[in-house]
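Bear in mind these aren't lab numbers, they're just calculated from the coordinates by the rules spelled out. Worth saying up front: this structure is predicted, and the values here are computed from it rather than measured. Counting neighbours? That spans all protein chains shown, and the Cβs are built from the backbone with ideal geometry, glycine included.
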Number of protein chains: 2
Amino acid sequence: MSALRDHLRNGGPVSISSVLVVGTGLIGTSVALALREHDVTVYLADRDPGAVRLAREFGAGQEWPPAVPPAAPVDLAVIAVPPPFVADELLRLQRAGTARFYTDVASVKALPLRRAAELGCDLAGYAAGHPLAGSERSGPAAARADLFLGRPWAYCPTEETSADAVETVLGLIKLCGAEPVRVSADDHDEAVALISHAPHVTAAAVAARLADAPGVALGLAGQGVRDVTRIAASDPDLWTGILSGNALPVAEVLQAVADDLAAAAAALRRTADRGDEAMTDVVDLLKRGVAGRGRIPGKHGGPARTYTVVQVVIGDRPGELARLFQVAEETGVNIEDVRLEHAPGLPLGLAELSVQPESAATLAEALRAHGWDVPS
Amino acid sequence: MSALRDHLRNGGPVSISSVLVVGTGLIGTSVALALREHDVTVYLADRDPGAVRLAREFGAGQEWPPAVPPAAPVDLAVIAVPPPFVADELLRLQRAGTARFYTDVASVKALPLRRAAELGCDLAGYAAGHPLAGSERSGPAAARADLFLGRPWAYCPTEETSADAVETVLGLIKLCGAEPVRVSADDHDEAVALISHAPHVTAAAVAARLADAPGVALGLAGQGVRDVTRIAASDPDLWTGILSGNALPVAEVLQAVADDLAAAAAALRRTADRGDEAMTDVVDLLKRGVAGRGRIPGKHGGPARTYTVVQVVIGDRPGELARLFQVAEETGVNIEDVRLEHAPGLPLGLAELSVQPESAATLAEALRAHGWDVPS
């Protein structure tokens, strides 16, 4: 049953036996927990002693500096502080001779590298990184050893980075169960602007329209607007740091989105005057949207694949979903994904079960035979 | 088990015994199916004979005009055609004396009402409506009797609408199991611009940025951008009709979103020059986003309520979710919501189970006792 642990045990040969994690927030503590699964000696530091204490209580490692300082530098220091402070921390640690190699986990990459060069850090020993894993939650209490499992982890070697530093960060990525993605710092920053930072600000802009919206409008809200605005619930302070650290690439994407939306607004105003021939720009935008959406990879990193959705009417009683999955299992049908859609105002909802197309009829029949409403 | 049928049976007194549905797409056919559950006599018409045949095969009713025409007008005609054609269809039906009362289900309301007045329709007999239910799918094959169950159904009487017409549309809404929301046509159109139409275009604009994005960017995509862009996969033709029918309200919201995003882009460009004090506008936008997101009602139409999320590492093997729900049931814990997050590239994922806060520890303990990895 412990698939996580099995996976981590099979993680391959590892040359990392001691690590210092600087910054015991969600990401830093999760890295520490993943390393502890491999019995790596992990030291923890944070400018907030409470955060270190909490991470220690979760079994993430021991306090830095330890009572008996290690005889040699640790193998790797993982700098898990906000982007603007990465380079200063790197310089401080390198001056103290703390580690053989250094990496960071900041969600922007050009800024820390530029600052590190400006400060005169040893760039040969530093391989920058960024695990693409996060949560609406934050802090060490939200950390998990499996946070990075199967997730992309970007790493950004420069011409100065030594081969050993690269090997060491690759070892870290492997120990955390993530998938390494080699990319230049500039390409990385443009990529996360496109797939994370600008979508975040756009979701906030849609949600912001609802802050003063009439109550009747909120009462008509459906699943669409809930999905579009979900990430707008995240911590503004955390995101302010991320966005300011990747300011120009994010600005470029946001400007393009703003231009498209302003053009759509203008086309709609012309439509009100002149009729549907003015809609060409809007149609074009919708079609580009379908094309872009289709490029997002599906489950397991492969191309998006189409499952057939079997819908089942369910009540709000304990155990109803359990019985439903039980029937699926007995029928030998693997449910690839499940989505619950609740009927507002009623203790009823729809479960949408994604299955292989060839299994849909079998599952629907089995569920009906067990008394479920399966709309055809 | 048949919660849907129970609910529909308890739907209260109904004075609607015969209905003509004009337009057997997703919405029209779903209305017909819901009415058939109450043994209402349902007639079906569509300019596409194939759509009528399909709807009939699903048990949605009989062809219009029937071999033996009814002696009296039907109780209600439900006009389920695209917004630009509603008023013409209303005029045609009224001239033929087809029904005692008329309603429509178009997703915009001011346009059909204005056109109906211009054409000289009998406005006393027409109560406009709009069920807030839809799907990325379309056509009669996607129809379901329970499509409207617990969903809001806006109705928009004007000063001319007779009390009997209003009562009849309220009867229809009740038969379909939906929740009536009385709202003026203008307020309705502004509301759906805010909570449906503008979010749709914005999702398309974010997704459109990915159409030409480098492959490495797509490879770094996570759940956030997937959620933001989900509705961008919908049919552009269908949406072009909706948007052009609500052009000015949508244009107003899109312009406001575009202005916010352009201001954020400008602030980020200033930040790159001058540092974080230029971020004030961005911080403000993110905070307004949190406030707006918080106003979207939660499950069962009440205020959003906070469940505790229990995370479980799961494999991709048939039956694993079934066993998980089985354990929850045995423990007496009701799972309020479930979300599967797959680890790209690995046959592993996380199930996020939302439960009442007081049940979280019980469930986690039970799952661990059965050998699951439940990160703490």
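Counting only Cβ charges, +1 for Lys and Arg and -1 for Asp and Glu, the dipole size of region A:6-137 around its Cα centre is about 160 debye.
3J(HN,Hα) couplings calculated from phi for region B:358-371 with the Karplus curve 6.51 cos²θ - 1.76 cosθ + 1.60 (θ = phi - 60°) are, in sequence order, 6, 9, 4, 5, 4, 5, 4, 4, 5, 5, 4, 4, 8, x Hz; Gly and Pro show x. Sort region A:190-267 into rounded, prolate or oblate with this rule: let a ≥ b ≥ c be the square roots of the eigenvalues of the Cα gyration tensor; rounded if a/c is under 1.5, and if a/c is not under 1.5, prolate when a/b is larger than b/c, oblate otherwise. Judged from the Cα gyration tensor, region A:190-267 comes out oblate (a/c at least 1.5, b/c at or above a/b). Straight-line reach from B:Lys109: which aspartates and glutamates fall under 12 Å, measuring Cα to Cα and dropping same-chain residues less than 8 apart? Correct list for B:Lys109: B:Asp186, B:Asp187, B:Asp189, B:Glu190.
For the segment A:187-194, counting C-beta atoms of other chains within 10 Å of every residue's C-beta and taking the mean gives 5. If you wrap the Cα atoms of region B:3-183 in a convex hull and average its projected area over all directions, you get 9.5 nm². Per residue, the convex hull spanned by the Cα atoms of the protein assembly as shown measures out at 151 cubic angstrom. Is region A:42-141 best put as rounded, prolate or oblate by its Cα gyration tensor, with a ≥ b ≥ c the root eigenvalues, rounded for a/c under 1.5, and otherwise prolate when a/b is larger than b/c, oblate when not? Since a/c reaches 1.5 but b/c is at least a/b, the shape of region A:42-141 is classed as oblate. Helix content alone sets the calculated 222 nm mean residue ellipticity of chain A: runs of n ≥ 4 DSSP H residues at -39500 (n - 2.57) each, divided across all residues, give -13500 deg cm²/dmol. Go through A:Val333, A:Leu268, A:Ala369 and say which Cα lies farthest out towards the positive end of the charge dipole of chain A; charges sit on Cβ, +1 for Lys and Arg, -1 for Asp and Glu. Toward the positive end, the furthest listed residue is A:Ala369.
For A:Lys287, the aspartates and glutamates whose Cα comes closer than 17 Å to its Cα, not counting residues fewer than 8 places off in the same chain, are A:Asp259, A:Asp260, A:Asp276, A:Glu277, B:Glu136, B:Asp212, B:Asp235, B:Asp237. For chain A, the spread of Cα positions along the three principal axes, ordered from largest to smallest, is 69, 58, 37 Å. Charge dipole (Cα centre; +1 on Lys/Arg Cβ, -1 on Asp/Glu Cβ; no other charges) of region B:151-290 amounts to roughly 700 debye.
Its residue count N sets the reference 2.2 N^0.38 Å, and the alpha-carbon radius of gyration of region B:35-96 equals 1.16 times that reference.
Within chain A, which is the longest segment that contains none of the trypsin sites (Lys or Arg not before Pro) sitting in a DSSP loop with at most 14 other Cβ atoms within 10 Å? Value returned for the longest uninterrupted segment is A:138-304. A:Leu54 sits among other residues whose Cβ lies under 10 Å from its own Cβ, and their net charge, with Lys and Arg +1 and Asp and Glu -1, is -1.
Taken along its three principal axes, the alpha carbon spread of region A:76-211 comes to 52, 32, 27 Å, from the longest extent down to the shortest. When the Cα positions of A:Ala99, A:Ala71, A:Leu132 are compared along the charge dipole of region A:3-183, A:Leu132 comes out farthest toward the positive end, with charges on each C-beta of Lys, Arg, Asp and Glu. Over every Cα atom in region B:136-185, the radius of gyration and the widest Cα-Cα span, Dmax, amount to 12.8, 38 Å.
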